[in-house]
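The values are calculated or read from the model by the stated rules, or taken from the named source; none is laboratory data. The model shown is predicted, which means the values in this text are computed figures rather than measured ones. Note that each Cβ is placed from the backbone with ideal geometry, even for glycine, and that neighbours are counted across all protein chains shown.
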Amino acid sequence: MKCAEHIAQDAVATCQTCGRGLCTECTSIFDRPLCEPCARQENRSAIAHNEKLIGSAKRTLVLPAILFPVGLTLLIANGAVHDVSTFFRAVVLAGLLAMTPAGWSFLNRYFTPGGGYIFLTARWLNAFLHLTLSVLLGIVVGPYQIWVSIRDIAELRRINAGILAGGYV
Ligand SMILES: [Zn+2]
Ligand SMILES: [Zn+2]
């Protein structure tokens, strides 16, 4: 078999994806035997996949980014802030509000708001308990999710930049 790119050269390996022949030079371009078109294709799908993950990481940041300023604005507009300590309290309350959806969806993996608490028969009591637990869980889960999302976005962007810098896209 001859190299698909250099027809004068004998193939020493084949592309792992399409099976075309690769000469010594072509075999050493990538970290494993791949022809150039297949490597570009693979890089493009890797970038697209990472972009999708970046998109979903960004979506987890949207709700807190909206709820925190909205909550703080509402508290200020309703006269809840008149000095440093009431401002601090308003920041904490707005933070709790912003983190609660993360606690809520985390809790939903284990209990459904309507009927998950078999020891409580009243639906409103279930809902109240669910909301309370969501607020408490949100204190831990919310900041953790924000940190993970920001870290993932940075890491995935770094990976994509590395693929683009390689030139085979
Ligand atoms: Zn190939
Ligand atoms: Zn070649």
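Assorted remarks:
- Thr112 being part of a loop (DSSP other than H, G, I, E, B), within 30 Å of Lys52 (Cβ to Cβ) and of a type outside the set (Lys, Arg): yes
- Residue that is nearest to Asn160 (Cα to Cα) [pool: residues in segment 19-60 that are within 16 Å of ligand 2 (Cβ to nearest atom) and of a type in the set (A, V, I, L, M)]: Ala39
Conditions (1) among the hydrophobic types (A, V, I, L, M, F, W, C); (2) within 12 Å of ligand 1 (Cβ to nearest atom), marked per residue:
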position	(1), (2)
Cys23	yes, no
Ser28	no, no
Cys35	yes, yes
Cys38	yes, yes
Ser45	no, no
His49	no, no
Lys52	no, no
Gly55	no, no
Arg59	no, no
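- Any hit, segment 154-168, residues being closer than 30 Å to Phe30 by Cβ, free of Cβ contacts under 8 Å to residues at least 60 places away in the same chain and assigned to a loop (DSSP other than H, G, I, E, B): yes
- Matching residues in segment 102-131 - criterion: being modelled with pLDDT under 95 and either outside the structural domain of Lys58 (by TED's automatic domain parsing) or closer than 19 Å to Gln145 by Cα (or both): Trp104, Ser105, Phe106, Leu107, Asn108, Arg109, Tyr110, Leu131
- Single residue of segment 1-24 satisfying the filter (small (Gly, Ala, Ser) and touching a strand residue (DSSP E or B) at 6+ places or on another chain (Cβ under 7 Å)) that is farthest from Cys38 (Cα to Cα): Ala11
- Of the residues in segment 62-75, none is more than 15 Å from ligand 2 (Cβ to nearest atom), over 30 Å from Arg151 (Cβ atoms), not basic (Lys, Arg) and not in a helix (DSSP H, G or I).
- Enumeration of residues in segment 1-39 that are surrounded by 15 or more Cβ atoms within 10 Å (Cβ to Cβ) and charged (D, E, K, R): Glu5, Arg20, Glu36
- Taken over segment 1-18, the criterion of being among the polar types (S, T, N, Q) and within 9 Å of ligand 2 (Cβ to nearest atom) is satisfied by Gln9 alone.
- Qualifying residue in segment 64-86 (condition: in the same structural domain as Arg151 (by TED's automatic domain parsing) and over 30 Å from Val140 (Cβ atoms)): yes
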